[in-house]
Every structure is written in structure tokens, then in C-alpha cells.
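Since the structure comes first, as C-alpha cells, the remarks are kept for the end.
No lab work stands behind these numbers, since they all come straight from the coordinates. Everything numeric in this text was worked out from a predicted model, so none of it was measured. Here the Cβ positions follow ideal geometry from the backbone for every residue, glycine too, while neighbour counts run over all protein chains shown.
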Amino acid sequence: MAQRLQETPNASAEISRNLALEMVRVTEAGALASARWMGRGDKNQADGAAVSAMRNALGKIEMDGVVVIGEGEKDEAPMLYIGERIGNGSPPEVDIAVDPVEGTTLLSKGLPNAISVIALAGGHGALYDAKHVAYMHKLATGAEAAGSFNIDDPVQVNLQRIARAKRMRVSALTVVILDRPRHEDMIKQVRDTGARIKLISDGDVAGAL
């Protein structure tokens with residue numbers, strides 16, 4: 001049975017270990033269901049299978065969850081839509097960010113790095129409501145450079161800070177970037193610093209990991 005969230009001194013909550021393990025089972029259900037569609041060229045069927053499996057698994061969990069970051073609005077089924085209530089309605093209250101298959105195109109083509117993703121935050125309103133946001137500016141690095149950069153600062157400044165934290169030259173860094181026209185300026189800025197770039201076609205969560 002999942003435990004209630006424990007209150008921290010700043011009144012925020014941390015997810016219990018048991019609830020975290022439940023989420024492992026949820027993502028496993030989504031991954032196994034969608035795997036049947038790997039390499040079959042139909043990303044919508046793969047996504048639909050993962051959604052159904054995850055929704056079924058989530059509905060049995062002791063929590064009062066709301067999808068805050070999902071795949072779309074309610075009328076765009078089959079998906080875990082923004083605003084959907086998840087769980088059996090009992091405490092703890094959690095906000096949910098979910099992508100049943102992050103990298104559906106990769107999966108449909110039989111390529112690696114498609115993954116099932118879910119994240120929880122304790123208390124309704126804990127996660128940013130991103131339903132009106134088409135794209136997010138994201139920056140991730142390893143533990144060595146955690147806290148050394150600011151997403152609002154220029155690319156060159158952040159790469160210098162990350163390189164310093166990792167005790168290496170900027171030219172030794174490899175930056176993973178989703179290959180999209182909207183990222184052309186960022187790609188140029190990174191290359192101007194001398195850092196290497198690994199462009200990926202899809203699956204930026206796996207790229208960040």
C-alpha cells in the first residue's frame with residue numbers, strides 16, 4: 001500500500017518510496033504494452049496501447065492524482081489528458097507529468113531510446129501548468145555540474161560553467177540537441193564555443209538521461 005506524503009519543513013511534500021515503486025510498475029505496463037508495436041510503423045497504435053495500460057495501472061493506486069503535463073486536452077483521446085483525475089481518489093494528493101511513450105516515432109521504426117515516462121510532485125499545484133505551452137526550453141546535465149548553470153543565461157556562459165564544474169575544456173563537452181529547425185540558432189551558438197554536438201531525431205528525455 002502506498003504511504004502518505006511526508007511533509008517537509010517548507011511545507012512541500014516528498015513522494016514515498018512505495019508510491020515511487022508503484023510508478024515503476026506503471027511505466028513497465030506502458031512499455032510492455034507498446035512494445036508489441038515496435039517496428040510496425042504505427043506510432044498511434046503504440047501510444048494508444050501504452051495509454052490504456054498505464055491508465056488501468058494508475059487507476060488502482062492509492063492516490064488523488066491530476067495530470068498537469070500530459071499529451072493534450074480531453075477530446076484528443078486516446079491519451080492521458082491534461083486535467084484527468086488519476087488514482088482511487090484517496091490521499092496523497094499529487095500532480096502528474098506523463099508521457100506513455102516518449103519517442104513514438106522511434107518505437108514505430110524499431111529504433112532505441114523510446115521510453116515510458118512519469119513524474120509526480122506532492123500536492124495539487126506543485127507542478128507548473130503547461131497546457132498552453134507548445135515547447136519548453138530544457139537544460140540537463142550530470143550531478144557534477146548540478147547548480148552550476150542558469151537556463152536564462154547565454155549558451156556560451158552555461159557551457160563554460162559546466163566545463164569548469166566537470167574540470168574539462170568546453171571543447172571536450174558533447175551537447176545533445178533535438179534536431180529541429182527551432183534549434184538552429186542554439187546549435188550555432190554551441191558550435192561557436194567549440195563544443196561537440198550530438199543531434200537526435202526524437203526522444204529528448206532519453207537524450208537528457
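Working out 0.36 nm times the residue gap between Ile187 and Ala119, then minus their Cα-Cα distance, what length gain in nm do you get to one decimal?
21.6 nm
Counting lysine pairs in the chain whose alpha carbons fall under 21 angstrom apart, excluding pairs fewer than 8 residues apart on the same chain, gives 10. Under a Gaussian network description of the chain, with springs only between Cα atoms under 10 Å, the residue in Ala195, Ala46, Ala134 that fluctuates furthest is Ala134. Between Asp129 and Ser52, the FRET efficiency from the beta-carbon distance, with R0 = 25 Å, is close to 0.50. Once the chain from Asp64 to Ser16 is taken as fully extended at 0.36 nm per residue, the excess over their C-alpha distance is 15.9 nm. Long hydrophobic helices in the chain: the complete DSSP H runs spanning 24 Å or more by Cα along their own axis with mean Kyte-Doolittle hydropathy of at least -1.0 are 17-35. What you get for region 143-208, charging only the Cβ of Lys and Arg (+1) and of Asp and Glu (-1), is a dipole of about 380 debye around the Cα centre. Computed over the chain with a Gaussian network model linking Cα atoms closer than 10 Å, the most mobile of Pro154, Pro100, Pro91 is Pro154. Its Cα centre serving as origin, the chain has a Cβ charge dipole (Lys and Arg +1, Asp and Glu -1) of approximately 940 debye. Overall size of region 143-208 from C-alpha positions, given as principal axis extents largest first: 30, 24, 23 Å. Extension gain, Asp153-Ala172: 0.36 nm per intervening residue step, less the Cα-Cα distance, totals 4.8 nm.
Close amide H pairs (under 5 Å, H built 1.01 Å from N) link Val175 with Arg196, Ile197, Lys198, residues at least 5 positions away or on another chain.
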